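First the structure, in the form of structure tokens, and then the observations on it.
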Amino acid sequence: MSLSINSTIKVYWQHVKRYPLAISFLLLVLVAINILNLVPALLNKQFFDAFTTGQTGQALASTLIGVLVWIVGVNLGLWLLQRLADVTNNYIQPRVIVDLEQTAFEHLLNHSYRFFTDNFAGSLVKKIHRFGRAFERIMDQVTWKLVQIFVSIVGTIVIFYLRSPLFAGILCIWVFLFAVVNFIVAKWKLKYDLIRAELDTESGGKLADAIGNAMTIQQFVGKKFEAARFWEVNARWRKMVTFTWNLGSVNDGVQAGFMFVLQGVAMYVAINLYVQGKMTLGDFALIQTALVALFMRLYDFGRVIRDLYDGFADAKEMVDILEMPYELVDKKGAKKLQVKKGEINFKKVSFGYSNGRMILHDMTLDIKPREKVAFIGPSGAGKSTVIKLLMRFFDVTKGSITIDGQDISKVTQESLRSLVSLVPQDSLLFHRTVMENIRYGRREASDKEVIAASKKAHCHEFISELSHGYDTKVGERGVKLSGGERQRVAIARAILKNAPILVLDEATSSLDSESESLIQDALHELMKSKTVIVIAHRLSTIMQMDRIVVIEKGAVVDAGTHEELIQHEGTYKKLWSIQAGGFLP
Ligand SMILES: Nc1ncnc2c1ncn2[C@@H]1O[C@H](COP(=O)(O)OP(=O)(O)OP(=O)(O)O)[C@@H](O)[C@H]1O
Ligand SMILES: [Mg+2]
């Protein structure tokens, strides 16, 4: 477990050290504060020793007032330094929190498709936020508690040593035992803190999953069921939290015991030394004040350790993600993809999402420059999977995919994806305006260009009727639009992108025949001079293509033009006869 703390500290430190001046200044001020904090104990000694010097009247008064002036001076200094520390801390912390969350976010976005199918959006959101907040928690403890504790322990030992090495020895042994006990308890407790953090995440994930499916819950009257699921995970969280908090309380109790013992032993030894004439009244005051000050620092040490470990447990999940290697990375020295002709070759491609089950088996397919190809085949045959491989959302298990002779696993992912336009099976939109959603295809496009694209995709008509036109927000994932409208927005986005290779995964499936035929026009226009792959079930779409490729069980089983394919029995002919009904000759 210590390993995960190390990596968390490493990540935090990388971000903190971006502010070297501020952090050094803060450290300096903190050390100064804590050294200055030791002075009152010494002044107390002088104060009390003054009574035993035999001075009386005016002389005594002026000595005492002299000490008093010092005490006031020291406190004034402390007050000033404390403000300085506050301001510096206020400068550093928010900056580092924002930097950390930014790093986490940017890192997440580089993870691959599989990462996002394996992780709940809700959990990830929670993890990113917790990562930043955990820093605040940890840094607060370090700045306001740990540095203080450290300096005051060292300072007290030094002061004691100057007065009596015996006292210093007693204090050293005590500090050692105190630290060991705390360390062991904290280490043992960490695994429960980690479970607590995981339960936090699980609860967040369940919430997001349920709220995201609120309509399904209502539709299937699932409220009680969902409430019970949420209750169940929270009940586990409650048990774990109660347990770890109780552990903390036990630890607090043990620490309080430690303090009684030290206090008792110290005073006992002091009395003996005093009787032997080896100590002054002032020394008594010194020891007492110094111990009280030390205990004040240590009294919530258990809570400090608890907060620290809570912080580390909270940060760990995000640190794990930061340390997780990306599934897909650009090869060293990867070049940009160059598309001049738009020829695509699948060579003996095999692929499975997980090790066990293969989805594609030795699939070979050559798509000529600017050819328009339709993929057809039964549901689950692997059509969308082929597209995901072409976009390199996954790497092929065996074989290769090349575009104009360049292996797609050897070019940069960015260049590949900017030259292939995909309208996916289920287009999801950002909760932003329609304008922003379409412009996402080419973010430097002007409003005019966006509107031109949406006219081509036949969305201009419905967008103009929305309450705020192009400035209407479409709801989370585009829920405020109909399925067909969402598809047309996605098509407009692809039109705007205008990449040389176009892939449509059943992009017209949610459209009624009339809108579809309108879009067919637009697509026809769009497809000119591009290599196109269309996954479609509708004959009207399919028949416009140069070639039809039949995919079954992850392999190409048939290919040809419409005329060729209806010449023999097979999947295509079956599909044709079902859809064309009785009109077949
Ligand atoms: N992310 C994934 N992880 C694991 N298995 C997956 C994943 N996506 C798809 N599959 C599996 O791969 C197989 C092929 O899926 P694919 O989406 O390619 O089918 P399809 O031919 O596009 O079907 P449809 O016509 O219904 O869209 C399916 O059996 C599916 O269960
Ligand atoms: Mg599909």
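The values are calculated or read from the model by the stated rules, or taken from the named source; none is laboratory data. Quick caveat: nothing in here was measured; it's all calculated off a predicted structure. Positions of Cβ are generated from backbone atoms using ideal geometry, with glycine treated the same way; all protein chains shown enter the neighbour counts.
In the range 348-384, how many are assigned to a loop (DSSP other than H, G, I, E, B), away from ligand 2 (no atom under 14 Å from the Cβ) and of a type outside the set (Gly, Ala, Ser)?
Residues in the range 348-384 being assigned to a loop (DSSP other than H, G, I, E, B), away from ligand 2 (no atom under 14 Å from the Cβ) and of a type outside the set (Gly, Ala, Ser): 7 in total.
For the range 528-542, name all the residues that are over 38 Å from the mean Cα position of the chain (by Cα), modelled with pLDDT under 85 and not basic (Lys, Arg).
Result: His537, Leu539, Ser540, Thr541, Ile542.
Given the structure, is Leu539 buried (at least 22 other Cβ atoms within 10 Å of the Cβ) and assigned by TED's automatic domain parsing to the domain that holds His568?
For Leu539, the condition - buried (at least 22 other Cβ atoms within 10 Å of the Cβ) and assigned by TED's automatic domain parsing to the domain that holds His568 - is not met.
Take the residues in the range 385-398 that are within 11 Å of ligand 1 (Cβ to nearest atom) and in a loop (DSSP other than H, G, I, E, B), then tell me which one is farthest from Gln544 (Cα to Cα).
Only one residue tops the list, namely Phe394.
Can you find even one residue in the range 493-507 that is surrounded by 14 or more Cβ atoms within 10 Å (Cβ to Cβ), at pLDDT 85 or above and in contact with a Cys (Cβ under 9 Å, 6 or more places away or on another chain)?
So far as the range 493-507 goes, no, none of its residues is surrounded by 14 or more Cβ atoms within 10 Å (Cβ to Cβ), at pLDDT 85 or above and in contact with a Cys (Cβ under 9 Å, 6 or more places away or on another chain).
Return yes or no: is Arg370 of a type in the set (Lys, Arg), on the phi > 0 side of the Ramachandran plot and within 27 Å of the chain's Cα centre (by Cα)?
Against the criterion (of a type in the set (Lys, Arg), on the phi > 0 side of the Ramachandran plot and within 27 Å of the chain's Cα centre (by Cα)), Arg370 does not qualify.
Conditions first: (1) over 40 Å from the mean Cα position of the chain (by Cα); (2) under 21 Å from Arg137 (Cα atoms). Gln14 passes all but one, so which condition is the exception?
If we test Gln14 against (1) over 40 Å from the mean Cα position of the chain (by Cα); (2) under 21 Å from Arg137 (Cα atoms), just (1) comes out false.
Need a quick list: helices (runs of 4 or more DSSP H) entirely within the range 1-104 having at least 2 residues that are within 26 Å of Val151 (Cβ to Cβ) and at pLDDT below 85.
By residue number, 2-16, 39-51.
Going residue by residue through the range 426-434, is there one that turns out to be within 13 Å of ligand 1 (Cβ to nearest atom) and assigned by TED's automatic domain parsing to the domain that holds Val349?
Looking through the range 426-434, at least one residue is within 13 Å of ligand 1 (Cβ to nearest atom) and assigned by TED's automatic domain parsing to the domain that holds Val349.
Has the range 295-317 got any residue that is among the aliphatic types (A, V, I, L, M) and surrounded by fewer than 20 Cβ atoms within 10 Å (Cβ to Cβ)?
yes
Within the range 396-425, how many residues turn out to be within 16 Å of ligand 2 (Cβ to nearest atom) and either farther than 17 Å from Ser112 by Cβ or hydroxyl-bearing (Ser, Thr, Tyr) (or both)?
2
Regarding the range 363-384, can at least one residue be identified that is farther than 20 Å from Lys530 by Cα and more than 10 Å from ligand 1 (Cβ to nearest atom)?
yes
Is it fair to say Glu444 is outside any helix (DSSP H, G or I), surrounded by fewer than 17 Cβ atoms within 10 Å (Cβ to Cβ) and away from ligand 1 (no atom under 16 Å from the Cβ)?
yes
Inside the range 113-125, can you point out the residues that are buried (at least 18 other Cβ atoms within 10 Å of the Cβ) and under 9 Å from the mean Cα position of the chain (by Cα)?
Those that are buried (at least 18 other Cβ atoms within 10 Å of the Cβ) and under 9 Å from the mean Cα position of the chain (by Cα): Ser123, Leu124.
Need the failing condition index for Arg297 against (1) more than 27 Å from the chain's Cα centre (by Cα); (2) at pLDDT below 90; (3) in a loop (DSSP other than H, G, I, E, B), just the number.
Here Arg297 clears every test but (3).
If we keep just the residues of the range 89-112 that are aliphatic (A, V, I, L, M) and over 16 Å from Gln14 (Cβ atoms), which is surrounded by the fewest Cβ atoms within 10 Å (Cβ to Cβ)?
The extreme case among them is Leu109.
Any chance the range 172-180 includes a residue that's touching an Asp or Glu at 6+ places or on another chain (Cβ under 8 Å) and assigned by TED's automatic domain parsing to the domain that holds Val265?
no
State yes or no: is Ile65 of a type outside the set (Lys, Arg), touching a Leu at 6+ places or on another chain (Cβ under 8 Å) and surrounded by fewer than 17 Cβ atoms within 10 Å (Cβ to Cβ)?
no
Since Leu194 meets every condition but one in (1) more than 21 Å from the chain's Cα centre (by Cα); (2) surrounded by 12 or more Cβ atoms within 10 Å (Cβ to Cβ), which condition does it not meet?
If we test Leu194 against (1) more than 21 Å from the chain's Cα centre (by Cα); (2) surrounded by 12 or more Cβ atoms within 10 Å (Cβ to Cβ), just (1) comes out false.
Can you tell me which condition Ala499 does not meet? The list is (1) of a type in the set (Gly, Ala, Ser); (2) touching a residue at least 12 places away in the same chain (Cβ under 8 Å); (3) not in a loop (DSSP other than H, G, I, E, B), and all the others hold.
Here Ala499 meets the rest and fails (3).
Please return the ranges of helices (runs of 4 or more DSSP H) entirely within the range 516-585 where 1 or more residues are touching a residue at least 60 places away in the same chain (Cβ under 8 Å).
In the range 516-585, the matching helices (runs of 4 or more DSSP H) lie at 539-542, 571-580.
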